[in-house]
Amino acid sequence: MYFDSTYVLVILAMALTSAVQMYMTSTFTKYQQVISKSGLTASKAAAMILSSSGINNVKIGRVQGNLTDHYAPPKKELNLSDTTYDSRSIASIGVAAHECGHALQDNRKMVLLNLQMAIVPVVNFASRLSIPMIFIGIILGLMNLAQIGVYLFGATLVYQIMTLPIEFDASNNAIKILRESNMMDESELYGVKKVLTAAALTYVAAAASTFLQLLRFAIIINGNRRRD
C-alpha cells in the first residue's frame with residue numbers, strides 16, 4: 001500500500017497545534033481560579049486601563065464564547081468573552097489588559113498593526129483561492145497552477161508571522177500597565193505572564209503549522225514535476 005511520507009508533516013502540525021492548545025487551556029484554567037487582590041472584574045480593569053492611557057474612543061463590549069476576546073481597530077471596539085467579562089481572576093484581567101495593549105498600539109498608530117489591517121482583504125482573497133488551486137493543479141497535473149496556489153497560500157504565513165510581534169508587544173504592554181498601575185503585585189503578574197505566554201504560543205504554533213502545510217504542498221508539487 002502506498003504511503004505518502006508528507007503526511008508526517010500533517011501529523012506533526014496537528015500534534016503541535018493540539019499540544020499548544022492544551023497547554024493554553026490548562027494554563028488559563030489554572031489561573032482563572034486565582035482571584036485578583038484588586039477585586040476588579042476584567043471589564044472594569046479594561047475600562048480603567050483605557051481611561052488612564054487617555055483612550056476614550058474605545059467601546060468595551062461583550063461577545064459570546066470562551067477566549068474569544070479581541071480588539072477590532074476599525075470599529076474601536078474591545079470585546080471581552082463571556083468567560084472573561086465579569087471574571088475577577090488574574091487570568092481574565094491579564095487577557096483584558098492584553099486587548100487593551102492592542103488598543104494602545106492602535107492609538108499610537110503602530111506601523112505593523114496598520115500594515116496588517118491593510119493586507120487583510122488581500123490575505124483573505126488569496127486564502128480562499130489557494131487550496132482549490134493547489135488541489136486542482138495536482139489532480140489535473142497542472143503544476144504551474146498548483147505552484148501559484150502555493151504562493152497564494154504563503155500569504156497566510158506572511159500574515160501570521162506579522163501577527164507575532166504585534167501579539168508579543170501587546171502582552172508586554174499589558175504587563176507594564178498592570179505593574180505601573182499597581183493593579184497587580186509581582187506574584188499575580190507571574191500568573192498573568194504564564195497565561196499570556198501560553199496564548200502567544202498558539203500564534204507561534206499556527207504559523208509553524210501553516211509552514212509545515214506549505215512545505216508539504218511544495219514537496220508534492222516538486223515530486224510530481226520530477227515524475228513528468
Quick check: anything in segment 104-120 farther than 30 Å from Arg216 by Cβ, in contact with a helix residue (DSSP H, G or I) (Cβ under 9 Å, 6 or more places away or on another chain) and not in a helix (DSSP H, G or I)? yes
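Residue by residue, here is whether (1) of a type outside the set (D, E, K, R); (2) in a helix (DSSP H, G or I); (3) buried (at least 18 other Cβ atoms within 10 Å of the Cβ); (4) in contact with a strand residue (DSSP E or B) (Cβ under 6 Å, 6 or more places away or on another chain) holds:
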| site | (1), (2), (3), (4) |
| --- | --- |
| Asn124 | yes, yes, no, no |
| Leu129 | yes, yes, no, no |
| Ala155 | yes, yes, yes, no |
| Ala174 | yes, yes, yes, no |
| Met183 | yes, no, yes, no |
| Glu188 | no, yes, yes, no |
| Val195 | yes, yes, yes, no |
| Thr202 | yes, yes, no, no |
| Thr210 | yes, yes, yes, no |
Complete set of residues in segment 185-228 that are under 17 Å from Glu99 (Cα atoms) and among the aliphatic types (A, V, I, L, M): Leu189, Val192, Val195, Leu196, Ala198, Ala199, Ala200, Leu201
Among the candidates Thr17, Thr25, Thr29, single out the residue that is out of contact with any Ser or Thr (no Cβ under 6 Å at 6 or more places or on another chain), closer than 14 Å to Ala200 by Cα and either among the charged types (D, E, K, R) or part of a helix (DSSP H, G or I) (or both). Thr25
Could you please give the count of residues in segment 180-228 that are in contact with a helix residue (DSSP H, G or I) (Cβ under 6 Å, 6 or more places away or on another chain), charged (D, E, K, R) and at pLDDT 95 or above? 2
Checking Lys44 against (1) closer than 29 Å to Ser26 by Cβ; (2) part of a helix (DSSP H, G or I); (3) in contact with a Leu (Cβ under 9 Å, 6 or more places away or on another chain): exactly one of these is not met. Which one? (3)
Filter segment 50-82 down to residues that are part of a loop (DSSP other than H, G, I, E, B) and either among the basic types (Lys, Arg) or under 12 Å from Ala96 (Cα atoms) (or both) and give me whichever is modelled with the lowest pLDDT. Leu67
Of the conditions (1) surrounded by 17 or more Cβ atoms within 10 Å (Cβ to Cβ); (2) among the polar types (S, T, N, Q); (3) touching a Pro at 6+ places or on another chain (Cβ under 9 Å), the single one that Asn114 does not satisfy is (1)
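The values are calculated or read from the model by the stated rules, or taken from the named source; none is laboratory data. Here the structure is a predicted model, which means the values were calculated and not measured. Positions of Cβ are backbone-derived with ideal geometry, glycine not excepted, and every protein chain shown enters the neighbour counts.
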